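The values are calculated or read from the model by the stated rules, or taken from the named source; none is laboratory data. It should be emphasised that the depicted structure is a prediction, and the values quoted were computed from it without experimental measurement. Here the Cβ is made from the backbone with ideal geometry for all residues, glycine too, and neighbour counts use every protein chain on show. Note: areas computed on protein heavy atoms with side chains; ligands, DNA, RNA excluded. Shrake-Rupley method; radii C 1.70, N 1.55, O 1.52, S 1.80 Å.
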Amino acid sequence: MSDGADVDDALRGGGGEDLASRLFELANAEHVRFAASSGRVLRIRQDPAVPHTGGCVWETAYLLALWARAELDADARRAAASGAALRVLEVGAGCGFVALALAHMGCDVLATEQPGPLANLRANVAANDPRALGVARGACGAAQLRWGVEEDVAALLAGLPFDYVVGTDVVYTRELVEPLLRTLHAAAARDGGGGGGGGGGGGGEGAVVLLCLQQRCVASHALLLERAPRYFARVEHVPLHESAMAVRSFAAELDCELLRFSAPRRQEAEGEGAALRSLSPSP
């Protein structure tokens with residue numbers, strides 16, 4: 001069996017048409033490998049049989065993992081060493097690449113997906129969880145989360161509050177923008193209990209949402225930016241041009257952006273259950 005394609009090698013070689021061909025090779029590899037902050041090499045299985053978008057690792061997942069390794073790693077390690085690990089929820093986790101990269105920084109991560117990609121996600125989490133690879137800090141679990149479906153969101157909120165909520169390439173159709181925003185708000189609006197201490201939302205302002213996106217659908221992207229301020233008091237573009245070289249060159253080449261939503265608006269939390277019920281799509 002092939003050991004797969006190496007992410008760091010693929011992204012180290014510059015841009016242009018060569019980058020496009022290397023990304024194509026990554027997308028079509030059975031497995032992709034990534035050198036995690038823990039010193040372990042993650043081996044993430046891709047499954048082309050998974051319907052829709054959850055069977056492969058998308059470019060924005062690589063970008064967010066690179067950005068987190070450059071910008072969040074030190075904070076995550078300090079929090080884990082203090083015994084109060086950063087708590088992270090990933091929505092639309094796909095194969096689990098970002099969730100596992102964050103877990104290997106020492107974060108406690110819950111990776112969530114719709115039913116179709118969930119089996120492959122769970123298999124990758126089981127094989128690459130820090131504890132499975134002998135790493136002392138960090139953990140990753142997997143669970144079902146259909147955006148806007150009350151029972152899934154309620155089960156999610158039964159656990160601990162989060163410091164960060166992350167997602168990559170989760171904006172691709174107008175019909176899912178509102179359920180996504182309501183789900184992000186429900187996860188972010190819960191008061192954290194003094195968790196991370198690394199710049200997350202663990203205090204009274206709730207979690208910080210980070211979305212790494214390409215404009216897969218212009219109308220959906222515009223709708224997200226129009227509606228997001230109804231749910232979050234601060235909606236910002238993270239200046240990727242100020243990040244590490246690998247991050248800014250990759251972001252510029254692929255025309256990616258990183259959005260940060262914070263300070264969830266409290267009035268939206270009222271009647272959340274009714275709002276979720278009204279938006280619930282058919283399972």
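Among Ala81, Val218, Ala61, whose Cα sits farthest toward the positive end of the charge dipole of the chain (+1 at Cβ of Lys/Arg, -1 at Cβ of Asp/Glu, about the Cα centre)?
So the residue furthest toward the plus end is Ala81.
For the chain, what does the equivalent ellipsoid look like in terms of its semi-axes, each the square root of 5 times an eigenvalue of the Cα gyration tensor, given largest first in whole Å?
Listed largest to smallest, the semi-axes of the chain are 27, 21, 19 Å.
In debye, nearest 20: dipole of the stretch 33-125 around its Cα centre with unit charges on the Cβ of K, R (+) and D, E (-)?
320 debye
Pick from Asp169, Asp108, Asp152: which is most flexible by mean-square fluctuation in a GNM of the chain where alpha carbon atoms under 10 Å apart are linked?
Maximum among the listed residues: Asp152.
Compute the FRET efficiency between Ala119 and Arg78 as 1/(1 + (r/R0)^6), taking r as their Cβ-Cβ distance and R0 = 41 Å, and round to the nearest 0.05.
0.70
Could you work out the helix-only [θ] at 222 nm for the chain, with each DSSP H run of four or more residues adding -39,500 (n - 2.57) and the total divided by the number of residues, to the nearest 500 deg cm²/dmol?
-12000 deg cm²/dmol
Relative to the first principal axis of the alpha-carbon coordinates of the chain, what is the inclination of helix 177-188, with its axis defined by its Cα atoms, in degrees from 0 to 90 and to the nearest 10?
That works out to roughly 80 degrees.
Non-local amide H neighbours of Val109 (under 5 Å, H modeled in plane, Pro and chain starts lacking H): which ones?
Val88, Ala139, Cys140, Gly141
Calculate one ³J(HN,Hα) per residue across the stretch 231-240 by plugging θ = phi - 60° into the Karplus curve 6.51 cos²θ - 1.76 cosθ + 1.60, and present them in order as whole Hz with x for glycine and proline.
Here the 3J(HN,Hα) series is 10, 10, 6, 10, 10, 10, 8, 6, x, 5 Hz.
For the pair Ala49 and Arg266, what calculated FRET efficiency results from E = 1/(1 + (r/R0)^6), where r is the Cβ-Cβ distance and R0 = 51 Å, to the nearest 0.05?
Once the sixth-power term is evaluated, E becomes 0.75.
Just to make sure I understand: if all protein chains stay in place, what is the order of Glu113, Glu226, Glu175 by accessible area at 1.4 Å, largest first?
Reading off the accessible areas and sorting them downward yields Glu175, Glu226, Glu113.
From the phi angles alone, apply the Karplus equation (6.51, -1.76, 1.60; θ = phi - 60°) to the stretch 33-50 and give each ³J(HN,Hα) in whole Hz, x where the residue is Gly or Pro.
10, 8, 7, 7, 5, 6, x, 8, 9, 7, 10, 9, 7, 9, 9, x, 7, 5
Based on the mean of other beta carbon atoms within 10 Å per residue, what is the order of 237-244, 81-88, 183-190, most packed first?
Values: 237-244: 13.5, 81-88: 19.6, 183-190: 23.8.
Averaged packing, sorted descending, gives the order 183-190, 81-88, 237-244.
Using a basic spin-label model with each label point 7 Å from the Cα along Cα→Cβ, how many nm lie between Ala70 and Ala252?
Result: 1.1 nm between the two label points.
Rounded to the nearest whole Å², what accessible area per residue is found for the chain with the 1.4 Å probe?
For the chain, the per-residue accessible area is 42 Å².
Counting pairs of alpha carbon atoms under 8 Å apart in space and at least six apart in sequence, what relative contact order in percent does the chain give?
Contact order relative to length: 17 percent.
Return the Rg/Rh value of the stretch 83-164, two decimal places, where both radii are evaluated on C-alpha atoms and Rh is the Kirkwood radius.
When Rh is taken as the Kirkwood radius, the ratio is 0.96.
May I ask for the distance between the Cα centers of the stretch 84-125 and the stretch 144-168, given as a whole number of Å?
Here the answer is 12 Å between Cα centres.
Tilt of helix 16-28 relative to the longest C-alpha principal axis of the chain, in degrees (0 to 90, nearest 10)?
Once rounded, one gets 80 degrees.
Does a label point 7 Å from the Cα of Ala127, set along Cα-to-beta-carbon, have any residues of the stretch 98-120 with amide nitrogen under 15 Å, and which are they?
Residues 98, 100-101, 118-120 qualify, since their backbone N sits under 15 Å from the label point.
Could you go through the stretch 119-128 in sequence order and give the Karplus-derived ³J(HN,Hα) for each residue, using 6.51 cos²θ - 1.76 cosθ + 1.60 with θ = phi - 60°, rounded to whole Hz, and x for Gly and Pro?
With coefficients 6.51, -1.76 and 1.60, one gets 5, 5, 4, 4, 5, 5, 5, 4, 7, 10 Hz.
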